[in-house]
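The values are calculated or read from the model by the stated rules, or taken from the named source; none is laboratory data. It should be emphasised that the depicted structure is a prediction, and the values quoted were computed from it without experimental measurement. Cβ coordinates were reconstructed from backbone atoms using ideal geometry, including for glycine residues, and neighbour counts include every protein chain displayed.
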Amino acid sequence: MRPFRYERADDAAAAVALLTAEPRAAFLAGGTNLVDLMKLGVERPELLVDVTGVTSDGIEALPDGRVRIGAAVRNSDLAADAAIRARYPALAQALLAGATYQLRNLATTGGNLMQRTRCVYFQDVTKPCNKRVPGSGCAAREGYHRGLAILGHSQSCVATNPSDMAVALAAFDAVVRVQGPAGVREIALTEFHRLPGHEPQRDTVLERGELIVAVDLPALSIAARSRYRKVRDRTSYAFALVSVAAAIGVEDGVVRDVRIALGGVAHKPWRATLAEAKLRGASACEDSFGRAADAELAAAEPLPANAFKVPLARATIVRTLLDLVEQR
Ligand SMILES: Cc1cc2nc3c(=O)[nH]c(=O)nc-3n(C[C@H](O)[C@H](O)[C@H](O)COP(=O)(O)OP(=O)(O)OC[C@H]3O[C@@H](n4cnc5c(N)ncnc54)[C@H](O)[C@@H]3O)c2cc1C
Ligand code: SF4
C-alpha cells in the first residue's frame, strides 16, 4: 500500500473544501471498496477525507411522505429499518442480497452508490482498461466478460454497475442529494450513474468535490408490494448476473402501474421504461410480462460469453412480476 494522509472533516462543507483543494484526494466512508482498490493499486489517493461523521446516519420521514436516507446510514441499518421494510421491501431485500453481514455493517449508502465495477481487468493493473487508464483499451471485450453488460455498453467499455441497492432505488425514482463547491443539488437516481460512451472512467455525473449527503425516496404506494430477485453463481458473496427490482399495481386483472429496474446488465442500474410502458393497461399475466420483457431486451447486444443473460433477464423479469401478482 502506498502512503496516504487521513483527515476527518468537521462538516460537509469542510469535506468538500478539502477534496476540492487536493487533486489526489478521495472521500472515505466504510472503506469496503475504496481500501480494497487502494491495496490493488487501482486507486492511489494521497489524502483520504473521512466523511462518515459529516453526513447523517439517520432515516427520516419527511412531512410530505418522502423518506430521507442519510449518506452515512449503514447498509445493515437501512435493510433493518421498519419503515423501509414496510414501504419499500425491495430495497431491504436488495441490501440483504449484497455482500455479507460484516461488510453491510460498514458499507454506507453514499459509498454503495459510488462503488466501482467488478470487471476483473479494472481490478488488475497489469491489464488494459479504459475505465482505469483512459485510452489503454478494453481487455474484457475479447477476454472474460461473462458477467458484463448486454445493454447500453460502448466500444470503450462493457462493465456493469455492481450495486444491488441502486437497482431498487432506480425502480422507486429515488433522488440523490449532493453538496458541492457550488452548493446543494438533486439528481434523479436514474440519471446519477452514466452509460460508458467514450468516457468510461466516469461512473456517475458527480463533479469533482461533490459529496452525496442523502438519498430521498418518494412516497410511492405500489412500492409496498415490491420485490428484489437476484440471480448469481452462488447464493451469497456474489454479484448479480441479473437482478430485478419490481413493483406492480393491479386492478381487476389489469396493470395500473408498474416499476421495473434491472441490475447486472449495464453500466448503470437499468430502468426498464419500455417494459413498463408495454405493461400499463395490459392484463397482469405471464404472456404480458414476457412481451414486456422482450420489448425491453430487444436492444440487447450481448457479447459471445454473456448471451445467456438475455433469456435469463427475461425469465427473471417474468418470475418477479408473477411472484408479485401471485402474493396478492
Ligand atoms: C467481498 C465483497 C462482496 C460484495 N458484494 C456486494 C454485492 O453482492 N452487492 C453489492 O451491491 N455490493 C457488494 N459489495 C460492495 C459493497 O456494497 C461496497 O463496497 C460498499 O457499499 C461501499 O460502501 P463504503 O461505505 O464502504 O464505501 P467506500 O469504500 O468508503 O467508498 C467507495 C467509493 O465511494 C466514494 N464515497 C463514499 N462516500 C461518499 C459520499 N458520501 N459522497 C461521494 N462519494 C463517496 C469513495 O470516495 C469511494 O470512491 C461487496 C464488497 C465486497 C468487498
Ligand atoms: S469492460 Fe470497462 S472496466 Fe472492464 S476492461 Fe473494459 S474498459 Fe475496463
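Overview of results
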quantity: Count - residues of segment 195-230 that are surrounded by fewer than 18 Cβ atoms within 10 Å (Cβ to Cβ) and within 27 Å of residue 154 (Cβ to Cβ); calculated: 9
quantity: Test: residue in segment 108-119 that is within 11 Å of ligand 2 (Cβ to nearest atom) and buried (at least 24 other Cβ atoms within 10 Å of the Cβ); calculated: yes
quantity: Output for segment 174-194, where each listed residue is closer than 29 Å to residue 156 by Cα and without any contact (Cβ under 8 Å) to a residue 60 or more places away in the chain; calculated: 174, 175, 178, 186, 187, 188, 191
quantity: Members of segment 9-43 that are in a helix (DSSP H, G or I) and either within 16 Å of ligand 2 (Cβ to nearest atom) or among the small types (Gly, Ala, Ser) (or both); calculated: 12, 13, 14, 15, 17, 21, 36, 37
quantity: Residue list for segment 41-56, restricted to those being surrounded by 15 or more Cβ atoms within 10 Å (Cβ to Cβ) and at pLDDT 95 or above; calculated: 42, 43, 45, 47, 48, 49, 50, 51, 54, 55, 56
quantity: Filter pass, residue 257 being in a helix (DSSP H, G or I), more than 18 Å from the chain's Cα centre (by Cα) and at pLDDT 95 or above; calculated: no
quantity: Any hit, segment 90-97, residues being part of a loop (DSSP other than H, G, I, E, B) and more than 16 Å from ligand 1 (Cβ to nearest atom); calculated: no
quantity: Candidate set: segment 234-254, residues that are part of a strand (DSSP E or B) and not small (Gly, Ala, Ser); chosen: the one nearest to ligand 2 (Cβ to nearest atom); calculated: 242
quantity: Only one of 109, 100 that is within 9 Å of ligand 1 (Cβ to nearest atom), under 21 Å from residue 30 (Cα atoms), modelled with pLDDT under 95 and among the β-branched types (Val, Ile, Thr); calculated: 100
quantity: Test: residue in segment 55-66 that is under 22 Å from residue 207 (Cα atoms) and not in a loop (DSSP other than H, G, I, E, B); calculated: no
quantity: Filter result for the condition that a residue is closer than 24 Å to residue 156 by Cα and among the β-branched types (Val, Ile, Thr), over 255, 318, 265, 325; calculated: 265
quantity: Count of residues meeting criterion [under 20 Å from residue 195 (Cβ atoms) and surrounded by fewer than 24 Cβ atoms within 10 Å (Cβ to Cβ)] in segment 123-144; calculated: 8
